[in-house]
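Scroll down for the structure; my scribbles are underneath it.
The values are calculated or read from the model by the stated rules, or taken from the named source; none is laboratory data. Keep in mind that this is a model prediction, so the values were computed, not measured. Glycine gets a Cβ as well: all are built from the backbone with ideal geometry, and neighbour counts include every protein chain shown.
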Amino acid sequence: MSFLKIKDPSKRDKLIAEYIKTKNKIQNDFRSERLGEQSMYEDFGKIFKPITKQQKKSSEEIVSKFAPHREAIENMPPALPWEPELEEPQALELETLSEKKIQLPINLGPIGQKNLNKYSNNEGDTTFGFKYNGKDDEYYLGNTRVDFTGDDLEISGKRYPGTPGLWNLLTA
(Lines give C-alpha, C1' and ligand atoms only; values in the text may rest on other atoms or scores of the structure.)
Protein backbone atom coordinates (compact mmCIF):
# COMPACT_ATOMS: atom_id res chain seq x y z
CA MET A 1 0.00 0.00 0.00
CA SER A 2 1.39 3.35 -0.94
CA PHE A 3 0.66 6.18 1.50
CA LEU A 4 1.85 8.74 -1.02
CA LYS A 5 -1.15 8.16 -3.29
CA ILE A 6 -3.53 9.44 -0.58
CA LYS A 7 -4.08 13.12 -1.40
CA ASP A 8 -5.83 14.19 1.81
CA PRO A 9 -3.07 14.74 4.43
CA SER A 10 -5.31 14.12 7.45
CA LYS A 11 -6.47 10.72 6.13
CA ARG A 12 -2.91 9.88 5.24
CA ASP A 13 -1.57 10.75 8.72
CA LYS A 14 -4.44 8.85 10.37
CA LEU A 15 -3.75 5.75 8.21
CA ILE A 16 0.03 5.91 8.88
CA ALA A 17 -0.57 6.22 12.64
CA GLU A 18 -2.92 3.22 12.53
CA TYR A 19 -0.31 1.24 10.55
CA ILE A 20 2.46 2.06 13.05
CA LYS A 21 0.16 1.19 15.97
CA THR A 22 -0.68 -2.21 14.43
CA LYS A 23 3.00 -2.88 13.66
CA ASN A 24 4.04 -2.05 17.23
CA LYS A 25 1.24 -4.22 18.67
CA ILE A 26 2.41 -7.20 16.62
CA GLN A 27 6.02 -6.67 17.72
CA ASN A 28 5.03 -6.29 21.38
CA ASP A 29 2.85 -9.42 21.27
CA PHE A 30 5.70 -11.38 19.75
CA ARG A 31 8.18 -9.98 22.28
CA SER A 32 5.92 -10.75 25.25
CA GLU A 33 5.33 -14.26 23.96
CA ARG A 34 9.08 -14.79 23.66
CA LEU A 35 9.70 -13.28 27.08
CA GLY A 36 6.97 -15.46 28.53
CA GLU A 37 8.82 -18.56 27.36
CA GLN A 38 12.03 -17.02 28.60
CA SER A 39 10.55 -16.49 32.04
CA MET A 40 9.33 -20.09 31.99
CA TYR A 41 12.90 -21.25 31.27
CA GLU A 42 14.17 -18.97 34.05
CA ASP A 43 11.62 -20.51 36.43
CA PHE A 44 12.79 -24.01 35.46
CA GLY A 45 16.37 -22.91 36.10
CA LYS A 46 15.44 -21.73 39.60
CA ILE A 47 13.44 -24.88 40.38
CA PHE A 48 16.05 -27.36 39.15
CA LYS A 49 19.15 -25.38 40.20
CA PRO A 50 19.91 -27.59 43.26
CA ILE A 51 19.73 -30.73 41.12
CA THR A 52 21.88 -29.39 38.28
CA LYS A 53 24.37 -27.94 40.78
CA GLN A 54 24.73 -31.35 42.48
CA GLN A 55 25.08 -33.14 39.15
CA LYS A 56 27.77 -30.72 38.04
CA LYS A 57 29.61 -31.20 41.33
CA SER A 58 29.35 -35.01 41.05
CA SER A 59 30.56 -35.08 37.47
CA GLU A 60 33.53 -32.85 38.33
CA GLU A 61 34.46 -35.20 41.20
CA ILE A 62 34.26 -38.25 38.94
CA VAL A 63 36.36 -36.60 36.23
CA SER A 64 38.97 -35.52 38.78
CA LYS A 65 39.21 -39.07 40.18
CA PHE A 66 39.74 -40.58 36.73
CA ALA A 67 42.24 -37.99 35.48
CA PRO A 68 45.31 -39.91 36.77
CA HIS A 69 43.99 -43.09 35.17
CA ARG A 70 43.46 -41.35 31.86
CA GLU A 71 47.06 -40.16 31.87
CA ALA A 72 48.27 -43.69 32.68
CA ILE A 73 46.22 -45.16 29.85
CA GLU A 74 47.45 -42.55 27.39
CA ASN A 75 51.06 -43.31 28.37
CA MET A 76 50.54 -47.08 28.20
CA PRO A 77 52.65 -49.02 25.66
CA PRO A 78 50.74 -50.19 22.58
CA ALA A 79 51.02 -53.94 23.29
CA LEU A 80 50.89 -55.81 26.58
CA PRO A 81 54.13 -57.64 27.47
CA TRP A 82 52.29 -60.66 28.91
CA GLU A 83 49.86 -63.17 27.54
CA PRO A 84 46.77 -64.24 29.43
CA GLU A 85 46.95 -67.58 31.20
CA LEU A 86 44.59 -70.20 29.90
CA GLU A 87 43.11 -72.96 31.98
CA GLU A 88 44.39 -76.46 31.42
CA PRO A 89 42.03 -78.37 29.17
CA GLN A 90 40.14 -80.99 31.10
CA ALA A 91 40.34 -84.57 29.95
CA LEU A 92 37.28 -85.66 28.05
CA GLU A 93 35.50 -88.66 29.45
CA LEU A 94 34.07 -89.58 26.08
CA GLU A 95 36.05 -91.76 23.75
CA THR A 96 36.81 -90.37 20.34
CA LEU A 97 35.44 -92.19 17.37
CA SER A 98 38.90 -93.23 16.18
CA GLU A 99 39.46 -95.04 19.49
CA LYS A 100 36.23 -96.97 18.86
CA LYS A 101 37.54 -98.26 15.53
CA ILE A 102 34.71 -97.19 13.30
CA GLN A 103 33.23 -99.62 10.87
CA LEU A 104 31.72 -97.90 7.87
CA PRO A 105 28.39 -99.38 6.82
CA ILE A 106 28.72 -101.72 3.85
CA ASN A 107 25.84 -100.15 1.93
CA LEU A 108 27.20 -96.57 2.22
CA GLY A 109 27.56 -94.51 -0.97
CA PRO A 110 30.66 -92.52 -2.04
CA ILE A 111 29.46 -89.18 -0.55
CA GLY A 112 28.67 -90.85 2.77
CA GLN A 113 32.01 -92.73 2.85
CA LYS A 114 33.94 -89.52 2.21
CA ASN A 115 32.11 -87.65 5.00
CA LEU A 116 32.05 -90.46 7.59
CA ASN A 117 35.81 -90.94 7.10
CA LYS A 118 36.20 -87.55 8.81
CA TYR A 119 35.28 -89.26 12.08
CA SER A 120 38.12 -91.76 11.79
CA ASN A 121 40.55 -88.79 11.63
CA ASN A 122 38.85 -87.00 14.57
CA GLU A 123 37.69 -84.24 12.23
CA GLY A 124 33.93 -84.86 12.53
CA ASP A 125 31.64 -83.11 14.96
CA THR A 126 30.86 -85.66 17.68
CA THR A 127 28.84 -83.20 19.71
CA PHE A 128 26.13 -82.39 17.18
CA GLY A 129 26.99 -84.83 14.39
CA PHE A 130 27.00 -88.60 14.13
CA LYS A 131 27.88 -90.80 17.09
CA TYR A 132 29.06 -94.35 16.54
CA ASN A 133 27.96 -97.07 18.95
CA GLY A 134 30.52 -99.84 18.71
CA LYS A 135 28.41 -102.30 20.73
CA ASP A 136 25.51 -102.23 18.29
CA ASP A 137 27.67 -101.24 15.30
CA GLU A 138 25.17 -98.42 14.57
CA TYR A 139 25.25 -94.68 14.04
CA TYR A 140 23.14 -92.16 15.96
CA LEU A 141 22.20 -88.49 15.67
CA GLY A 142 21.48 -87.58 19.26
CA ASN A 143 19.46 -90.53 20.58
CA THR A 144 18.00 -91.42 17.18
CA ARG A 145 19.39 -94.30 15.14
CA VAL A 146 20.42 -93.57 11.54
CA ASP A 147 20.31 -96.15 8.76
CA PHE A 148 22.15 -95.70 5.47
CA THR A 149 21.04 -96.76 2.01
CA GLY A 150 23.68 -95.63 -0.45
CA ASP A 151 24.13 -91.94 0.31
CA ASP A 152 20.56 -91.58 1.60
CA LEU A 153 19.81 -91.45 5.32
CA GLU A 154 16.81 -92.93 7.12
CA ILE A 155 16.05 -91.27 10.42
CA SER A 156 12.96 -92.18 12.49
CA GLY A 157 11.42 -93.94 9.52
CA LYS A 158 11.81 -90.94 7.20
CA ARG A 159 14.19 -91.11 4.24
CA TYR A 160 16.37 -88.09 3.36
CA PRO A 161 18.24 -87.88 0.04
CA GLY A 162 21.98 -87.89 0.74
CA THR A 163 23.10 -84.73 -1.01
CA PRO A 164 26.61 -83.32 -0.47
CA GLY A 165 25.04 -80.34 1.35
CA LEU A 166 23.17 -82.54 3.82
CA TRP A 167 26.27 -84.63 4.49
CA ASN A 168 28.35 -81.48 5.04
CA LEU A 169 25.78 -80.15 7.51
CA LEU A 170 25.78 -83.39 9.47
CA THR A 171 29.53 -84.04 9.49
CA ALA A 172 31.18 -80.58 9.33
Exercise for the section: Answer yes or no as to whether Ser156 is among the small types (Gly, Ala, Ser), more than 16 Å from Trp167 (Cα to Cα), at pLDDT 80 or above and surrounded by 10 or more Cβ atoms within 10 Å (Cβ to Cβ). Expected result: no
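Each row is one residue, and each column tells you yes or no for (1) in a helix (DSSP H, G or I); (2) of a type outside the set (Lys, Arg); (3) at pLDDT below 85; (4) over 30 Å from Asp125 (Cβ atoms).
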site: Ser10; (1), (2), (3), (4): yes, yes, no, yes
site: Ala17; (1), (2), (3), (4): yes, yes, no, yes
site: Thr22; (1), (2), (3), (4): yes, yes, no, yes
site: Leu35; (1), (2), (3), (4): yes, yes, yes, yes
site: Gly45; (1), (2), (3), (4): yes, yes, yes, yes
site: Ser59; (1), (2), (3), (4): yes, yes, no, yes
site: Glu88; (1), (2), (3), (4): no, yes, yes, no
site: Ala91; (1), (2), (3), (4): no, yes, yes, no
Problem - Output for segment 159-172, where each listed residue is in a loop (DSSP other than H, G, I, E, B) and surrounded by 16 or more Cβ atoms within 10 Å (Cβ to Cβ) - result: Gly162
Problem - Subset tally (residues that are farther than 18 Å from Gly109 by Cβ and not in a loop (DSSP other than H, G, I, E, B)) for segment 133-157 - result: 4
